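Read the structure below first, then the notes.
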Amino acid sequence: MSDQDQLASENDAPDEEIYELNRREVAAILEVVQENNRERLVELMESLHAADIADLLEQISANERRHLIALYGVEFDGEILSELDESIREEVIGVLNPEVLADAVRELESDDVVDLLEDLEEPQQEAILDALDDADRVVVEQAMAYPEDSAGRLMQREVVMAPEHWNVGEAIDFLRKSDELPEQFYHVVLIDPKMRPTGYVTLGKIMGSPRTVQLSDITEPSFHTIPVDRDEEDVAYAFNQYHLISAPVVDKDDRLVGVITIDDAMAVLDEEHEEDILRLAGVGEGSLTDRVIETTRQRFPWLAVNLVTAVLASLVIALFEDVIAGFVALAVLMPIVASMGGNAGTQSLTVAVRAIATKDLTGSNVWRVIRREVLVGLINGLIFAVAMGIVGVIWFGSPLLGLVIGIAMVINMVIAGLAGTVIPVALEKLGVDPALASGAFVTTVTDVVGFFAFLGLAAVMLL
């Protein structure tokens, strides 16, 4: 059976074999690369989407990547560059033949070219810009002049527009005669004589309406304009909140300068969600393709912060050395109190950070959310306090010990709910990313309060 037949038969395998399928497909492609068989390589990769090829390049080693790109040659698609992880994009651009790079970049929309340039060093940026036609280069350089992470960087300059006084027939005739329509678009934007957008019409409405109908009579109620300097997070929020498919971008004089489409807005949302998850875990913006030194550098600062907080918790324990020495059972039980508080705090923290990111947690409802989290902590604390009180009595035969751990559990769970909500809200008010810094503070609070409450109560009630 040939490689292609084997891959075709594997594609018919059930879903549970998909991991094995991917592994074998990669192995088959690498085999033809080692054989230097360009014809077979092109044949095997012909059916792959650009995103799948990008995944392939991310999974293999740097040496295999260089050989594959060199052998693939002129078949390299510009969309592959858009789909690549930022951590290896620069490396791939450096490997590509200049002529192949030029052809690949010319296939991209202006917003995709800007996205490529943002994460590259100056030599690679120049290589990309030199590959563009003069008109396209001017458009891209204008976009790069806008602030980073703004709508101006996110938009594409290829906009399909029509005068607001046109009818459907005139719009259809214009679209049919136009030689440079974007590869994908959803609306025709209506503009007044001063180039200000006044509405937009979906392609479906245009194709389904009689030719004599005025475009202004079939505009969409979802029409929103985006200021060119609007933060891209706010842009993504607007798309998600108002169910937009595309939105015109305007300058300070309300003149049309570009358009943002839903795929770009959703990409921003995905990036923000991924960034929040990674930051909550204290790993920065790490990737599986990062080098050891780079990964170490990203993780070290937060491990150092964690060490400091652990030392702080240990100092609290040291204050009660005599209590622990007099009642050894405390050493066995105190990690339970801290651990339960830490988990409860992380739950509240995760909900709060997510709500802040989606703008669901605001000044108008923050106190209601705080009360809810405190009450949840109180109820859970009481339930687990009863359970641990019983454990304390059965395990160590001491009702007082059971009472101590029960009260400490309630206190720490309540504080965990409070800290998990208040800390990210306070950091956000101070302009600090709550996903980045909240975890260390919440852990410190729950550890310190948990140990202090448990050991302090033990010192008063047991000795």
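Every number in this text was worked out from the coordinates using simple rules, so none of it is lab data. Small disclaimer: the values here were computed from a predicted structure and weren't measured. Because the Cβ atoms are built from the backbone with ideal geometry, glycine has one as well, and the counts that use them run over all protein chains shown.
If R₀ is 22 angstrom, what is the calculated FRET efficiency for the pair R24 and E46, using the beta carbon separation as r and rounding to 0.05?
According to the calculation, E is roughly 0.80.
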Problem set entry | Rounded to whole Hz, the Karplus (6.51, -1.76, 1.60) HN-Hα couplings of region 62-68, x for glycine and proline | 4, 5, 5, 4, 4, 5, 5
For this session: Starting from the Cα of D360, step 7 Å along the direction of its Cβ; do the same at D234; then give the gap between the two resulting points in nm.
Result: 2.3
For this session: Kindly give Rg over Rh for region 3-149, based on alpha-carbon atoms, with the Kirkwood expression for the hydrodynamic radius.
Result: 1.02
Seminar exercise, completed: Ratio for region 292-461, C-alpha Rg to 2.2 N^0.38 Å, reads 1.13
Exercise. Can you list the HN-Hα couplings for region 434-451, worked out from phi with the Karplus curve (6.51, -1.76, 1.60; θ = phi - 60°), rounded to whole Hz and with x for Gly and Pro?
Worked result: x, 5, 7, 10, 5, x, 5, 5, 5, 4, 4, 4, 5, 5, 5, 5, x, 5
Problem set entry | Table column - 3J(HN,Hα) (Hz), region 144-151, Karplus curve with 6.51, -1.76, 1.60, x for Gly and Pro | 5, 6, 6, x, 4, 6, 10, 4
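Counting Lys +1, Arg +1, Asp -1, Glu -1, what net charge surrounds L215 among other residues with beta carbon under 14 Å of its beta carbon?
So the surrounding residues net to -4.
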Exercise. Over region 161-280, what relative contact order in percent results from Cα pairs under 8 Å that are six or more residues apart?
Worked result: 23
For this session: Among [x] 19.9; [y] 30.4; [z] 28.0, find the value of mean projected area of the Cα convex hull in nm² that was calculated from the structure presented, and write down its label.
Result: [y]
Exercise. Given H placed 1.01 Å from N in the peptide plane, which residues other than close sequence neighbours of T198 have an amide H under 5 Å from its amide H?
Worked result: L190, I191, D192
Problem set entry | Contact order normalised by residue count of region 3-149, Cα under 8 Å, 6+ apart, percent | 17
Exercise. In percent, what relative contact order does the chain have, based on Cα pairs under 8 Å that are 6 or more apart in sequence?
Worked result: 10
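Grab the beta carbon distance between N343 and D322, set R0 = 45 Å, and tell me the FRET efficiency rounded to 0.05.
Efficiency, rounded to the nearest 0.05: 0.95.
Which three numbers, in whole Å and largest first, are the semi-axes of the equivalent ellipsoid of region 102-185 derived from its Cα gyration tensor as √(5λ)?
Semi-axes, largest first: 29, 15, 9 Å.
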Exercise. How about region 89-133: which GluC sites (Glu not before Pro) there lie in a loop by DSSP and see at most 15 other Cβ atoms within 10 Å?
Worked result: E107, E121
Seminar exercise, completed: Extension length gain for D251 and V391 (0.36 nm per residue less Cα distance), in nm, is 43.7 nm
Exercise. Computed over the Cα atoms, what is the radius of gyration of region 161-280 divided by 2.2 N^0.38 Å, N being its residue count?
Worked result: 1.18
Seminar exercise, completed: Amide H proximity to V213 below 5 Å, modelled H, separation 5+ or other chain, gives V168, G169
Problem set entry | Cut-off 11 Å between beta-carbons: net charge of the residues surrounding P163, Lys and Arg +1, Asp and Glu -1 | -3
For this session: Taking the chain as the reference, fit the longest principal axis to its C-alpha atoms, fit the long axis of helix 50-59 to the helix C-alpha atoms, and give the angle between the two in degrees, 0 to 90, nearest 10.
Result: 50
For this session: Report the paramagnetic label zone for N37: residues of region 57-74 whose backbone N is under 16 Å from a point 7 Å from Cα along the Cα-to-Cβ axis.
Result: 68, 71-72
